[in-house]
Each structure stands twice: as structure tokens, then as C-alpha cells.
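What follows is a set of notes on a single structure, which appears directly below.
The values are calculated or read from the model by the stated rules, or taken from the named source; none is laboratory data. Treat the numbers as computed from the prediction; the structure is a model and nothing was measured. Here Cβ is always computed from backbone atoms with ideal geometry, including for glycine, and neighbour counts include all displayed protein chains.
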Amino acid sequence: MYQATLPQTLIDYSTLPDNRTTLERGLELALASATYSIECPYPDLLNGEAVPAHLLPYLAREKMVQVWDEYDSTPVKRSVVDQSWAVKRLAGKPLAFKRALNALNFDCLVTPWHQQNPVGQPYTIQVIGWAKNQAAIDGHNVNKLLLTLDEIKPLRDRIDFSLVFGVEHSVTFAVVASPAISVDAKTIDCQLPPLTALTPSLSVGVSMSQPIQMAPLCSSATVTQPIRFEAPHCRLSITPPLIFGGPIISS
């Protein structure tokens, strides 16, 4: 099995002395085969979004993540690791609280004491948090959030933390552009030619809407001779005099 993964040089040559035993040579090949069977984790080893999931705890330790929960989902773990350096760099600022809680799938509203109405106690930061997607909050998550906030707050400040139930709703607006249409009404006098026979027909057409110009035409005519035509299930007879008219739409 090891011959499929080991370089040929490790199979042909050994780092052991010439008086090695067969057992020692076998152990050398077995350990080398096990080492070469491990997939190389580079270049994603230090990327929290791409590193294999089983290596996330080690990457969290390398980035000095102080609050780590093995029961968190893999996306939350990746987010915590990925935001670790940014949270440490912004520690003590409102943006640090928001990034830290967003990594744990929470939203928050941070208000320093001098921005509260009325003004709060000096060196007090009010943090109101709620779970995303209207998720339930248990005691385990509360303790985790308190530990996280305590790690990034200024040493002199005190956190006034409140949890609320958040409801999210989105509204979508759609706009449709209508093709330009110009309407010009015209009245034209016309005269029909003599009619001796008519052939009835019916057609249905479907087309895409395009910019058109509509010009309603008001026409009228007088029938002075009898008109008659027949169809399989239809018979029509017109006896003069008959005057008819109506609008004609041309495009």
C-alpha cells in the first residue's frame, strides 16, 4: 500500500544504518507511508473559512480565541476564528462588540453611557443583543455571550447586557419600466369598394411588447348592395341600406 504514496527514493533508500533489521525497515516504511498519506493542509491551514473542520480547535488556539465552545455549529466556529484578530484589534470599541456577537450568530445595539438618554452611569456600556433568525436563547449561550463581552470590554468599563427576542421582516419593492407609447387621434374619411362575398376567419396572435405608436382611425361606410356569405356553422346576410363605423387601431 505504501508504494502508491511514497516517493521511489524512500522505497529504494533508507536513513537507517546498514545493520538495520527487517523489523526496523518495515517500521520506517510504515511510518513514512502514514506521513505521506496525510493531505497537505496548506495554504488553507490558517484560513478559518477554508481550513478542515477538525483543525478548527487548533487554529482557534493559535489565534488565542479565549471563548471556545465545542458544541457550536461549524459555521459559527469558522466565524469566531475568522473574526478573532479583528475583534482583538478593535477591543473596547462598539464595532468590536458587534463583530464578536455577529460571529456567534447574534445582533446587538451598543450604546456608551454618554450617548444614552438620559445619560447613564459613567463608564457603563449598554449592550442589547438578540439572536438572528428568531432563534431561542438558552442559559449556555448567555454565559458564553457574557464571557465574550468581558474579554473585549475596556478594563474600567462595566457592561449592562440585555437579551431581547428579535423579529426580522423584509419588504421588497419592484419597479417595471413601461415602453414609450405615443397616441395621436386622427379622423379620416374613406369609401369601401363594392362587396360581393366575404370569407370569415379567426386568428390569435401573441407577441412581445414593443414601443408602438397608436393612431385611432374613425371610419364609416354605407352598404348599398346585398351581402351574403356562409360558413359550416354560420350564415350572414346583410341587406342595404346599412351604415356602420368604428375605430381602427393601427400600429
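The condition of being closer than 30 Å to Leu149 by Cα and either touching a residue at least 24 places away in the same chain (Cβ under 8 Å) or in contact with a Leu (Cβ under 8 Å, 6 or more places away or on another chain) (or both) holds for only one of Ala53, Ala32, that being Ala53.
Looking at Trp68, Trp85, which one is closer than 30 Å to Trp113 by Cβ, in the same structural domain as Arg158 (by TED's automatic domain parsing) and either over 30 Å from the mean Cα position of the chain (by Cα) or hydrophobic (A, V, I, L, M, F, W, C) (or both)?
Going through Trp68, Trp85 in turn, just one is closer than 30 Å to Trp113 by Cβ, in the same structural domain as Arg158 (by TED's automatic domain parsing) and either over 30 Å from the mean Cα position of the chain (by Cα) or hydrophobic (A, V, I, L, M, F, W, C) (or both): Trp85.
Evaluating Ala100 against the criteria (1) in contact with a Ser or Thr (Cβ under 7 Å, 6 or more places away or on another chain); (2) surrounded by 13 or more Cβ atoms within 10 Å (Cβ to Cβ); (3) farther than 20 Å from Ile159 by Cα leaves one unmet condition, (3). Once the range 15-45 is narrowed to residues that are under 24 Å from Glu62 (Cβ atoms) and β-branched (Val, Ile, Thr), the residue that is surrounded by the most Cβ atoms within 10 Å (Cβ to Cβ) is Thr35.
Yes/no matrix, rows are residues, columns are (1) touching a Pro at 6+ places or on another chain (Cβ under 8 Å); (2) in a strand (DSSP E or B); (3) at pLDDT 95 or above; (4) closer than 15 Å to Thr148 by Cα:
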residue	(1), (2), (3), (4)
Gly92	yes, no, no, yes
Leu95	no, no, no, yes
Leu101	no, no, no, yes
Asp107	no, yes, no, yes
Val110	yes, yes, no, yes
Val119	no, no, no, no
Pro122	no, no, no, no
Ile128	no, yes, no, yes
Asn133	no, no, no, no
